[in-house]
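One structure, pasted below without further comment.
Just so it is clear, none of the values below were taken in a lab; they were calculated from the coordinates. Computed from a predicted structure; not experimentally measured. Neighbour counts run over all protein chains shown; Cβ positions are idealised from the backbone, glycine included.
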Amino acid sequence: MADFAPKSAVKCAVRKLAAPFEDVDTFNNLVQSVITNNPFGCVSYMNSGANHPPVEKSRESYTARFVYQDNDAKKIGSGSENYGTVAGYKAGIAAVLANSANVTAHGGIPAHDSDTDTFSATLKCHAANNEIYLVTFGREQVSVSSYEDDGILSVIETWADGVAGPCLRVRMMDTSVLITLAFLGTGLLAYVIVPGLLVMWDRVLDHMEASEEKKA
């Protein structure tokens, strides 16, 4: 049987933020601005007889975490709740804090531990060259996956640089591995391409996202 011949090289780039998004509204405002303003220059398309916008949200997840303390401010319990929308996240927090039966069961005073909450929203983007790629916003990083044309990443980098400030690139060509680092006032971008190796980075991201949700 003949060897498999790779037809594409799916790539991924990740920008680590120096500080997480302050809250869900700041996070959501940025995500919505990408959908509304289409800064990546995406185009609408037809698929299975249905018209799709240039950029659309394919999935989102918001996890709220809580701690329960006794009268001496000692932690005696904790909990977390996952929601599929921003509205659900906000309503859910209020519901948990007002749930007297849950408070009694924990035997302590509940508090929303907002600094440890996690947010995630994935946007499906259709480039002018007909590639469909994903941009996933997390509270601490932004990733671009399932793209092949490096021009797609360049457009997103330009947008991100305009939002976050100047960047610095470092190239290491002598190791047969191309490493691009963009250092920002608010984060770090890094992606690795190994020539001749087909790596399904989008599957890696799905695994990372699943592992993060399990921790929640």
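Going by C-beta contacts inside 10 Å, put S80, S48, S145, S61 in order with the fewest on the left.
The order, fewest Cβ neighbours first, is S48, S80, S61, S145.
What FRET efficiency comes out for I132 versus W159 if R0 is 22 angstrom and r is the Cβ-Cβ distance? Round to the nearest 0.05.
About 0.75, to the nearest 0.05.
Right, next: First measure r as the distance between the Cβ atoms of K74 and A101, then evaluate 1/(1 + (r/R0)^6) with R0 = 30 Å and state the FRET efficiency to the nearest 0.05.
E(calc), rounded to 0.05, equals 0.85.
How many nm is it between the label spots at Q32 and T85, if each spot is 7 Å from the Cα in line with the beta carbon?
Going from the Q32 label point to the T85 one covers 1.3 nm.
Now for a separate question. Sorting D72, D161 on the 10 Å Cβ count, fewest up front, what's the list?
D72, D161
Something else about it: Can you check what the net charge comes to around D149, using other residues whose Cβ is under 12 Å from the Cβ of D149 (Lys, Arg +1; Asp, Glu -1)?
Computed value for this residue: -2.
Now for a separate question. Where does each of K75, K57 land when they are ranked from fewest to most other beta-carbon atoms within 10 angstrom?
Fewest to most other Cβ atoms nearby, the residues stand as K75, K57.
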